[in-house]
Structure formats: structure tokens, C-alpha cells
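Please read the structure below before turning to the comments.
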Amino acid sequence: MKRRNKTEVNYWQSYADLMSAMLMVFALLLTLVILDIRELQEQQEEKIEEVVSVKSEIIKALTEAFSESDVSIDIDQQTGAIRFPGSVLYEYDSTALSPVGKDFLKQFVPQYLDILLQDRFKDEISSIIIEGHTDNSGTYLYNMKLSQERAYSVLDYIYNQEMPNFHVRELSKEYVTANGRGPTSPLEDKDGHYSPELSRRVEFLFRLKDDEAIQAIDKLVNQ
């Protein structure tokens, strides 16, 4: 009887030791996971700071350059996007650039691309996008086609013979793309009401390589 009790005691002691060891392993693994998450969060914060710093520098350079030129533009101080009303570049419902639009692009594009693709920034830039936008009148497919053709007409003009040569012309072909968004990103007026006139526009945007890194880290942190 005593031997049986001793055996049972040894069994429960061994079981308790095993459970304690498993709890220690679990605690260690949990600690490592928490440390990994913190490290990813720190990396994300560092990347965000880098992106904000570079983006701020680019926006500042664009703002200063165009404030001293004859080209009047509106730069989004948060994103760096530059927005042009469709009426500046085209006649209503047309995809062909107007003479005024061509003159405007001749003044704007060389300076814009030279700034973005200067040695200080070019390795940070992932892409430069020309985006066409429409209002919501007409069908979805018609507006998508219209916006794509408008964006492409700008791209085509940048690289045809009418555009004066500029320093980063060939280099810029590695970065510049055109995209039509149709009526999917409407704009509102200052009173918060949908504005067809403001929605008809072309935007020049840039993406940074670290934007993609932040998104990848964010996915890992939030899994």
C-alpha cells in the first residue's frame, strides 16, 4: 500500500514538473512573440517617420519651386498630390488636350519631374502617377474610358515631340504611369456638397518605396 502511494506521489510530482515546464515554454514563446510584435511596431514607426520626412521634403521642394514660377498649382500638403481642373486641360467631354492645356503642361511637367527625380529623391520614389477623374454623369464604363483616355493623353503628350526636352525625360519613363479612376473618387465643395466640376480633374501623384514597406509591416503587425 505504501509502495502504491509512493508511486502515485511520484507520478503527480512528475506530472506537475511536466506542466511547470510546459508553462515555462509557453511563457517563453509568448514573450518572444510579444518582443517580435514590438520590434515590428518599432520598425513601422521608424518607417513612418522616414516616409513623413522624405514626403515633407518633396512637398516643400515642389511648393518652393512653383511659388517662384509662372505656373499656378495647388499642392496637397499632406500627400503631395497636385490637382488640375479638367477645364484647364480639355474641353468638356473631350480627351484631346486643348492648346491652353498643352502650354500648361509644357511649363509644369519638366519642372515637376526634375524635382521628383533629382538625386536626393529618385531612389525614394516608387512611381509617379497621372490620374484621370470624371464626374458621375453618364455610365460607369463611359466615365472609366474617358478618364483613362484623358490620363493617357497627358502621358502621350509628355513624351511626344511637342514637349520640350527636359533633363530626366528618359529616366522618368521608369516611373511615370497613367491611370483612369472614372467617377470613383468624387470631390465635394467647401460646403460638403458633391461637386461635378471639382470631380472632373487630372491629378499628378507620387508614391514612395517605403509606403509599400509600411503596408507590409502593418499587415504583419495586425495578423
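The values are calculated or read from the model by the stated rules, or taken from the named source; none is laboratory data. This one's a predicted model, so the numbers in the text were calculated from it and none came from an experiment. Every residue, glycine among them, receives a Cβ derived from its backbone with ideal geometry; neighbour counts consider all protein chains shown.
Applying the condition of being basic (K, R) and assigned to a loop (DSSP other than H, G, I, E, B) to the range 155-195 and asking which residue is nearest to F84 (Cα to Cα) yields K190. A count restricted to the range 186-198 and to residues that are closer than 18 Å to Y140 by Cβ, in contact with a strand residue (DSSP E or B) (Cβ under 8 Å, 6 or more places away or on another chain) and surrounded by 13 or more Cβ atoms within 10 Å (Cβ to Cβ) stands at 2.
If the condition is being within 21 Å of the chain's Cα centre (by Cα) and touching a residue at least 60 places away in the same chain (Cβ under 8 Å), then the range 96-122 contributes Y112, L113, L116, R120, F121.
Assess whether T139 counts as being of a type outside the set (A, V, I, L, M), surrounded by fewer than 17 Cβ atoms within 10 Å (Cβ to Cβ) and either touching a residue at least 40 places away in the same chain (Cβ under 8 Å) or not assigned by TED's automatic domain parsing to the domain that holds M163 (or both). So T139 does not fit the description; no.
For the range 62-87, enumerate the residues that are in a helix (DSSP H, G or I) and either in contact (Cβ under 8 Å) with a residue 60 or more places away in the chain or crowded, with 16+ Cβ neighbours inside 10 Å (or both). First the steps, then the outcome.
Residues of the range 62-87 that are in a helix (DSSP H, G or I), as a first pass: 62-67, 86-87.
The answer is L62, F66, G86, S87.
Looking only at residues in the range 59-77 that are modelled with pLDDT of 90 or more and in contact with a Lys or Arg (Cβ under 9 Å, 6 or more places away or on another chain), the one that is nearest to E124 (Cα to Cα) is A61.
The selection criterion, being modelled with pLDDT under 95, closer than 24 Å to R120 by Cα and not polar (S, T, N, Q), holds for K209. If you filter the range 171-181 down to residues that are closer than 26 Å to T95 by Cβ and of a type outside the set (S, T, Y), you find that the one that is surrounded by the most Cβ atoms within 10 Å (Cβ to Cβ) is V176.
Does the range 102-117 include one or more residues that are in the same structural domain as Y194 (by TED's automatic domain parsing), farther than 25 Å from D70 by Cβ, surrounded by fewer than 21 Cβ atoms within 10 Å (Cβ to Cβ) and not hydroxyl-bearing (S, T, Y)? Give the derivation first.
Initial filter on the range 102-117 (in the same structural domain as Y194 (by TED's automatic domain parsing)): 102-117.
Now narrow it down to the ones that are farther than 25 Å from D70 by Cβ: none.
Checked against the condition, which is being in the same structural domain as Y194 (by TED's automatic domain parsing), farther than 25 Å from D70 by Cβ, surrounded by fewer than 21 Cβ atoms within 10 Å (Cβ to Cβ) and not hydroxyl-bearing (S, T, Y), the range 102-117 yields no hits at all.
Only residues that are within 16 Å of A178 (Cβ to Cβ), among the hydrophobic types (A, V, I, L, M, F, W, C) and not in a helix (DSSP H, G or I) were counted across the range 103-154, and they come to 3. Being within 18 Å of F84 (Cα to Cα) and out of contact with any Leu (no Cβ under 9 Å at 6 or more places or on another chain) is the requirement here; does Y152 meet it? Spelling it out, Y152 is indeed within 18 Å of F84 (Cα to Cα) and out of contact with any Leu (no Cβ under 9 Å at 6 or more places or on another chain). Contact map, the range 165-184: first residue outside the structural domain of V202 (by TED's automatic domain parsing), second residue part of a strand (DSSP E or B), Cβ cut-off under 9 Å, separation 6 or more or different chains; the map is empty.
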